Amino acid sequence: MNPTIGITLLLTVLQVARGQKVTSLTACLVDQSLRLDCRHENTTNLPIQYEFSLTRETKKHVLFGTIGVPEHAYRSRTNFFSKYNLKVLYLSGFTTKDEGTYTCALHLSGQTPIVSNRNVSVLRDKLVKCGGTSLLTQNTSWLLPLLFSLPLLQAMDFISL
């Protein structure tokens, strides 16, 4: 094989592998639901395959994703949202029976199975409540009218900036 082709192929594989690296996995509690935020790099146009799983007592349970087949017991309890570099999974009715090590795994479609993943250990009594930041990312319709009304409120002496 021509060395130039080999080097080009290696660089392409390295760039593709870099395009799907999981950078963080965090867990928090929203009411009675567990929220898992899987942040990742996204430097490619290829589809990214993903999987959320729970390992409890050395047994892996697939919760949601496109890599493995989700277990029936979790299908009705999961909600999934995806943005450019963030995949979010909600597991409703979270109890101590759902404690364990959660994993977010990613790999690019049609490529060699280079998997990038992160784990987070989740205990119900150690979970923090999710912050208000998610409100801004989910619905910002209230923000624009507020910004437009600031000059009016200032003119009426309700606020001073």
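Bear in mind these aren't lab numbers, they're just calculated from the coordinates by the rules spelled out. Here the structure is a predicted model, which means the values were calculated and not measured. Note that each Cβ is placed from the backbone with ideal geometry, even for glycine, and that neighbours are counted across all protein chains shown.
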* Using the Karplus curve 6.51 cos²θ - 1.76 cosθ + 1.60 with θ = phi - 60°, work out ³J(HN,Hα) for each residue of segment 90-98 in order, rounded to whole Hz, and write x for Gly and Pro. => 10, 10, 6, x, 5, 10, 5, 5, 9
* To do: Note down the nm distance, to one decimal, between modelled labels 7 Å out along Cα→Cβ at Thr55 and at Val115.
  => 1.0
* Residues in segment 30-55 that a label on Glu71 would reach, taking backbone N under 14 Å of a point 7 Å out along Cα→Cβ -> 52-55
* **Under the Karplus curve 6.51 cos²θ - 1.76 cosθ + 1.60, θ = phi - 60°, whole-Hz ³J(HN,Hα) for segment 70-85, x wherever Gly or Pro sits** => x, 6, 4, 4, 9, 4, 7, 9, 10, 10, 10, 10, 9, 10, 3, 10
* Amide H to amide H under 5 Å from Gly100: which residues, 5+ apart in sequence or cross-chain, H placed 1.01 Å off N in plane? -> Val122
* Structure fact -> Given pairs Lys21/Lys60; Lys21/Lys87; Lys59/Lys83; Lys60/Lys87; Lys21/Lys97; Lys87/Lys129 and cut-off 23 Å on Cα-Cα distance, the over-length ones are Lys59/Lys83; Lys21/Lys97
